[in-house]
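Here is the structure we will look at.
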Amino acid sequence: MPRRRLILVAALLALGLLYSLSSHGASSPPLQIIPDDCPSRPDLDNILVVLKTGVTESRTKVPIHLSTTLRCIPNHVLFSDYVEQLSPTHFTHDVLASLSPALLDHNPELDLYRRVRADGPAALTSADLNPDVNTPIGKPNNPGWKLDKWKFLPMLDEALRVKPDASWYIFLEADTYLVWDNFLEWLRRFDPSRPWYLGNQMQIVDAVFAHGGSGFALSRPALVQAVNHRKRSSDGWEFAVAEHWAGDCMLGILLENVGVELTWSWPMLQIAPPEEMDYFSVGYAKRPWCYPAVSFHHLDEQGIRQLDDLERELGPRKTPLLYRDVFLKLVRPELRDVRTDWDNLVEGDPVRVSSFAACRGVCTREAKCLQYAYNATEGACRTSTVLALGHARPGVSAGWMTERIDAMAESLGECREISWID
């Protein structure tokens, strides 16, 4: 490596270290070395990308983003609950340090934070690393998940400190993938001088908010209004957050309080990975097929790499990457008449049959059936009119009616008109 390059890397490392050790961040993010093969994207100069993570997952989930999702992003920052170095130039920033001392010292939901702040990652227990299962109220038995809700409001203040002049602030999680060219083209449809809150719509009771894992965007006016409103509160909304279980919902409530409504952004922003998506059905009067693919969620390292490889394979495009393209490139080649030890996410009441072939027969006789699954241990057959690829699962065999699926895809067409949300 040339000496000048070494000096630059050392300077960047020092900048990253200083930034990570600051309790409130710096006035601008650490400079990032953008590889020479990255496409020119001038819009990114006015955007700050925040990837939110935590000590229980950062070392396993974040590194893949440094070579894919964040590789060509000049202004990005890693917000976490613990300061640690993840690469020569990447440090996480403790976004919880600004919470009140009373909360940090006594709230039981911050027990993990207190232990790790005192003893580092060595303080993590097997219970801390328990992935838990998703329920209608999140992952109540996962300490890292419970801690995560406290990051949503402080990270607005920290993002503004990091890059106060950004036009847009984009928030991702460690299992989110963003298709940048599509996302940037979509943002050009909005005036960033106005307050915008773009996200995949979710609802808890009467609160509508952007799902955090799908990724969401705030224009600077929206973020500033939310930050200032929280500052005017006597406790920085800490009591309200303590009484709720979802941090992304609390963020939506905060924005609603200042009159910033959510722009419903499904299906452009997705809550699922490509293999769990339904590309054919209509939801909220929209069908994903002809919409640009912008985000996916619940991705592991392999899933993130697969999407990054797809983008590299397709190269520069005159038209956006559509969900139709993702289906035809990644999902359709994996659909077969039978896959053993595979769960294609068929739900519904089971029918008792004696074999996988008999289960296929049940699906064949149902005119709109697209897939089926057979559990030999239970002798149970389930069928569905909704398509999904799914994932590996011992003890289940899955099948798809590929001729019907191909006919459905053909009927939906080649998307001569692209749909956008604006």
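Just to be sure I understand the filter: pairs with C-beta atoms under 7 Å, separated by 6 or more residues or on different chains, first member in the range 371-387 and within 19 Å of ALA409 (Cα to Cα) and touching a residue at least 60 places away in the same chain (Cβ under 8 Å), second member open to solvent by 30 Å² or more (accessible area, probe 1.4 Å) and among the acidic types (Asp, Glu). Which pairs pass?
VAL386/ASP278; LEU387/ASP278
Would a scan of the range 98-120 turn up a residue that is touching a residue at least 40 places away in the same chain (Cβ under 8 Å), assigned by the TED database to the domain that holds LYS146 and under 20 Å from the mean Cα position of the chain (by Cα)?
No, every residue in the range 98-120 fails to be touching a residue at least 40 places away in the same chain (Cβ under 8 Å), assigned by the TED database to the domain that holds LYS146 and under 20 Å from the mean Cα position of the chain (by Cα).
Select from the range 368-386 the residues that are in contact with a helix residue (DSSP H, G or I) (Cβ under 9 Å, 6 or more places away or on another chain), in a loop (DSSP other than H, G, I, E, B) and closer than 19 Å to VAL282 by Cα and list them in ascending order.
Passing the criteria: LYS368, CYS369, LEU370.
Filtering the range 372-422 down to residues that are aromatic (Phe, Trp, Tyr) and over 15 Å from LEU335 (Cα atoms), which residue is least open to solvent (accessible area, probe 1.4 Å)?
Filtering first and then ranking leaves TYR374.
Filter the range 230-270 for residues that are touching a strand residue (DSSP E or B) at 6+ places or on another chain (Cβ under 9 Å), open to solvent by 40 Å² or more (accessible area, probe 1.4 Å) and among the acidic types (Asp, Glu) and give the result.
Of everything in the range 230-270, those that are touching a strand residue (DSSP E or B) at 6+ places or on another chain (Cβ under 9 Å), open to solvent by 40 Å² or more (accessible area, probe 1.4 Å) and among the acidic types (Asp, Glu) turn out to be GLU256, GLU261.
Going by what's in this entry, would LEU172 be described as open to solvent by 10 Å² or more (accessible area, probe 1.4 Å), at negative phi, among the aliphatic types (A, V, I, L, M) and not in a loop (DSSP other than H, G, I, E, B)?
Criteria not met by LEU172.
Looking only at the range 75-97, which residues are among the hydrophobic types (A, V, I, L, M, F, W, C) and in contact (Cβ under 8 Å) with a residue 60 or more places away in the chain?
Residues satisfying the conditions are VAL77, PHE79, VAL83, PHE91, VAL95, ALA97.
Which condition from (1) free of Cβ contacts under 8 Å to residues at least 12 places away in the same chain; (2) under 20 Å from TYR323 (Cα atoms) is the one that ALA367 breaks?
(2)
Does MET277 qualify as being closer than 30 Å to VAL331 by Cβ, of a type in the set (A, V, I, L, M), crowded, with 19+ Cβ neighbours inside 10 Å and not assigned by the TED database to the domain that holds LEU99?
Answer is yes for this residue.
One line per residue, one yes/no per condition, for (1) outside the structural domain of ARG161 (by the TED database); (2) within 26 Å of PRO143 (Cβ to Cβ); (3) at pLDDT below 50; (4) part of a helix (DSSP H, G or I):
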residue	(1), (2), (3), (4)
MET1	yes, no, yes, no
ILE7	yes, no, yes, yes
ALA11	yes, no, yes, yes
PRO30	yes, no, no, no
ASP36	yes, no, no, no
VAL50	no, yes, no, no
VAL55	no, yes, no, no
ILE64	no, yes, no, yes
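Scan the range 197-210 residue by residue and report those that are surrounded by fewer than 22 Cβ atoms within 10 Å (Cβ to Cβ) and within 21 Å of the chain's Cα centre (by Cα).
Selection gives GLN201, MET202, GLN203, ILE204, ALA207, VAL208.
Can you tell me how many residues within the range 157-169 are small (Gly, Ala, Ser) and crowded, with 20+ Cβ neighbours inside 10 Å?
Of the residues in the range 157-169, 2 are small (Gly, Ala, Ser) and crowded, with 20+ Cβ neighbours inside 10 Å.
The values are calculated or read from the model by the stated rules, or taken from the named source; none is laboratory data. Everything numeric in this text was worked out from a predicted model, so none of it was measured. Every residue, glycine as well, gets a Cβ built from its backbone with ideal geometry; the counts of neighbours run over all protein chains shown. Heavy atoms of the whole protein, side chains included, go into the accessibility calculation; ligands, DNA and RNA do not. Shrake-Rupley method; radii C 1.70, N 1.55, O 1.52, S 1.80 Å.
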